[in-house]
1. Keeping to segment 203-223, report how many residues are more than 19 Å from the chain's Cα centre (by Cα) and either touching a residue at least 40 places away in the same chain (Cβ under 8 Å) or in the same structural domain as Gly155 (by TED's automatic domain parsing) (or both).
2. Go through (1) in contact with a helix residue (DSSP H, G or I) (Cβ under 8 Å, 6 or more places away or on another chain); (2) at pLDDT 95 or above for Asn263 and report which single condition fails.
3. If Lys247 passes every condition in (1) in a helix (DSSP H, G or I); (2) under 20 Å from the mean Cα position of the chain (by Cα) but one, which one does it miss?
4. If we scan segment 269-278, do we find a residue that is under 13 Å from Gly24 (Cα atoms), modelled with pLDDT of 95 or more and not in a loop (DSSP other than H, G, I, E, B)?
5. So Leu52 fits all but one of (1) of a type in the set (A, V, I, L, M); (2) out of contact with any Asp or Glu (no Cβ under 9 Å at 6 or more places or on another chain); (3) closer than 19 Å to Lys98 by Cβ; what number is the exception?
6. Restricting segment 224-256 to residues that are in contact (Cβ under 8 Å) with a residue 40 or more places away in the chain and of a type in the set (S, T, N, Q), which is surrounded by the most Cβ atoms within 10 Å (Cβ to Cβ)?
7. Restricting to segment 136-172, what's the tally of residues that are assigned to a helix (DSSP H, G or I) and either surrounded by 16 or more Cβ atoms within 10 Å (Cβ to Cβ) or among the aromatic types (Phe, Trp, Tyr) (or both)?
Amino acid sequence: MFEMIRSDKCTVVVTGVGAIIGQGIIKSLRRLDREIRIVGIDRSDNSPGPHLVDHFYRKPTVDESSEEYLDFWLKLLSSSSIGLILPALEEDLFFLNKHRTLLESKGVKVALNSDRLISKFSNKWLLGQELIAIGYPSIPSIRSIEWFKVLEKLGDAPFLLKPLLGNGSRGIVRLKTETDLDYWNRIIEYDWMIQKIVGNDQEEFTVGVFGLGHGKYVKPIIFRRLLSAAGNTQYVEVVSHHDVIEKAVERLCQHFCPLGPTNFQFRTEGNTAYLLEINARFSSSNSLRTAFGYNESKMAIDFYLNERTPDTPSISKGKGWRYSEDFIVYDRATV
């Protein structure tokens with residue numbers, strides 16, 4: 001299954017190459033001033049991802065908790081001169097974090113955040129409770145199926161019903177009335193909470209931070225953003241300075257001590273930056289950050305593989321849009 005990859009080039013594994021985050025990492029690696037051999041991993045080979053990498057391997061169709069799945073990774077690492085693994089998907093992040101000691105004993109580095117951030121803050125409710133505990137402004141939230149209690153805690157509708165687990169805007173619905181709450185409570189099968197709507201769509205920010213541990217970090221890049229219908233970043237504008245956001249990032253980094261690529265998402269209301277979520281990994285806007293000079297893939301190679309502090313990037317000003325385009329692969333045979 002695995003061909004022997006022996007090369008004097010730096011070989012990097014990128015997971016989730018069938019999705020936007022993995023493909024963004026690939027684009028960022030291709031922009032480096034050194035040649036990188038990229039090995040792509042995904043559950044499916046039916047996407048542009050496999051055609052963007054130098055070698056592609058499809059994950060086995062088994063549960064990630066199985067020995068067979070772990071064996072897939074161990075065989076991949078034993079057959080290839082892999083230097084670094086860059087996880088793009090949360091499920092990959094959790095799996096690699098669980099086995100990080102074993103994988104690193106094979107001589108490969110894994111671009112993982114701190115175990116604390118990975119394991120704890122995928123849950124939005126627990127994140128909110130942590131913020132309350134440290135005295136940081138938390139979005140008013142409640143877990144209740146009784147409408148009068150929701151109104152009592154959060155004020156006037158509308159509200160947002162959010163899954164406790166997951167990222168982006170997936171699973172989020174707007175509640176306007178008690179009827180809405182009764183309906184969604186009957187049909188959804190995941191754990192959820194209800195939050196007050198803070199700020200507005202024009203005051204939403206995504207911030208890229210490369211954590212160095214112990215509360216230190218590379219100067220962040222701040223985007224004002226608008227979301228697509230799917231919940232991914234559709235439009236960004238580089239914000240060269242934002243005192244409220246910068247102070248929030250400093251305080252949160254001092255407390256959470258991120259390591260490597262980390263994404264903070266905020267909505268501001270007056271002088272308060274409300275934290276929507278933390279992604280302890282590369283986020284969907286990583287290629288947009290690279291376009292403006294903040295290449296997290298390069299930083300990951302410097303930090304994890306070369307064991308040196310990444311240089312402070314020079315960030316360009318501007319705006320960016322994400323749009324769809326065709327990706328064509330022709331059959332070898334001619335018609």
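1. Residues meeting the conditions: 3.
2. Of everything listed in (1) in contact with a helix residue (DSSP H, G or I) (Cβ under 8 Å, 6 or more places away or on another chain); (2) at pLDDT 95 or above, Asn263 misses just condition (1).
3. (2)
4. No, segment 269-278 contains no residue that is under 13 Å from Gly24 (Cα atoms), modelled with pLDDT of 95 or more and not in a loop (DSSP other than H, G, I, E, B).
5. So Leu52 meets the others, but not (3).
6. In this case the residue turns out to be Thr233.
7. 4
Yes/no matrix, rows are residues, columns are (1) in a helix (DSSP H, G or I); (2) buried (at least 18 other Cβ atoms within 10 Å of the Cβ):
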{"site": "Arg174", "(1), (2)": "no, no"}
{"site": "Thr179", "(1), (2)": "yes, no"}
{"site": "Trp184", "(1), (2)": "yes, no"}
{"site": "Gly199", "(1), (2)": "no, yes"}
{"site": "Gly211", "(1), (2)": "no, yes"}
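The values are calculated or read from the model by the stated rules, or taken from the named source; none is laboratory data. Remember, it's a predicted structure, so these values are computed and weren't measured experimentally. Here Cβ is always computed from backbone atoms with ideal geometry, including for glycine, and neighbour counts include all displayed protein chains.
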